[in-house]
Structure formats: structure tokens, C-alpha cells
1. Most mobile of 37, 65, 136 per a Gaussian network model of the chain (Cα springs, under 10 Å)?
2. Where a Cα-Cα gap under 18 Å defines reach, which aspartates and glutamates qualify for residue 110, not counting those fewer than 8 residues away within the same chain?
3. Grab the Cα-Cα distance for residue 70 and residue 135, subtract it from 0.36 nm times how many residues apart they are, and report the gain in nm with one decimal.
4. Treat the chain as a sphere of radius equal to its Kirkwood radius over Cα pairs and apply Stokes-Einstein at 4 °C in a medium of 1.567 mPa s; give the translational diffusion coefficient in µm²/s, rounded to a whole number.
5. Give the separation of the Cα centroids, region 91-164 to region 44-72, in Å.
6. Would you look at the GNM of the chain, springs on alpha carbons closer than 10 Å, and say which of 72, 39, 82 moves the most?
7. Report the paramagnetic label zone for residue 142: residues of region 42-72 whose backbone N is under 20 Å from a point 7 Å from Cα along the Cα-to-Cβ axis.
8. In which sequence would 140, 115 go, from the one with the fewest C-beta neighbours within 10 Å to the one with the most?
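Just so you know, all these numbers are worked out from the coordinates, no wet-lab data involved. Please read these numbers as outputs of a predicted model, since none were measured by experiment. When we count neighbours, we look across all protein chains shown, and the Cβ atoms used for this are built from the backbone with ideal geometry, even at glycine.
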Amino acid sequence: MAAARNKKTERAEARRDIARNRRALHRYEITDRYEAGLMLFGSEVKALRDRGASLGEAYGQISNGEAWIIGMHIPEYTNASMNSHEPTRTRKLLLNRREIERIADAVAQKGQTIVPLRLYFSDGGRAKLEIGVGRGRSNVDKRHAIKERDARREADRAMGTRRG
């Protein structure tokens, strides 16, 4: 039993989040989600393991049949050689051709955009980016979503107090 628990904790640690874009779920109504690999330099991977990244200003783009993430900030790795990476460079996303075509078709519709949601290490230790295709919410939609979330919290609290 102890060995199984250790494997579970190892998997949980290996799949830990590096960065989350919490504002994205508030600003956008996400319709589709995809898991994409990233083309990174070695110093970028070490920086991700060491300090993390920021997805706040990042967005996705499809050009020439390839998917790109623009504006994602990965800090420089201090122990790297003089040829360290640029923190906000454009990075290629690794997706299947069908996924890229599906995303491109969705983005071609008015108001759809590619939003990075979560950056994490997979079980195999590879950096993965969860991206979503969504439509921007208006202020009315944002207020409605907040009301629904608060009502759900209140209902959960009420149910929790009755049980205990």
C-alpha cells in the first residue's frame, strides 16, 4: 500500500501547475479545451521548474497552419550561459493538424479567440499548455456568472451546515 501512495504523490507532483490564468474564466466563455505541447529551450524548462511563468497577457494565434502562443512570460534562468532565452518570445504550440484546423475554424468565427488557461508538467515531465477557444464576455454576462457562482456557494454552505 505504501508504494502505491508514493506513486500517487509522485504523479501529483509531476502534474503540478506552473501557472494558471484565473482571469480567463472570468473574461471568456470557454467552449473547447485542448492540451498542447510547447517548443522550449532548455533554459526555459529549467526556469519553469525553478520559478514558474505568467499567462496573464498571453494569447494564441494560428498562422500558416501552425499554432503559436504570444506574450507568455518565462523568466530568465540565472544559471544559464550567456545565450539565455528572451522572456516573452513567441513559442510554437505542438498540436495535431486536425486540432489546429478545428481551432482555426473556431477562431475564424467572429469574436472567438485562443486563450491559455493552464501551464503544467505532465506525468512524463513535459511542459504542457491547456488552451481554450472562447468568446469574450460582456459586463452583463460577467455579473450574471458572478451571481450564479455566489448562489452556488450559498447553496453548498447551506447543505454543508445541515449535514453537520
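1. Result for the chain, Cα springs under 10 Å: 65 fluctuates most.
2. Correct list for residue 110: 29, 32, 101, 141.
3. 21.6 nm
4. D = 72 µm²/s.
5. 17
6. Top of the fluctuation ranking is 82.
7. Zone members listed by number: 55-60.
8. Ranking 140, 115 by Cβ neighbours within 10 Å, fewest first, gives 140, 115.
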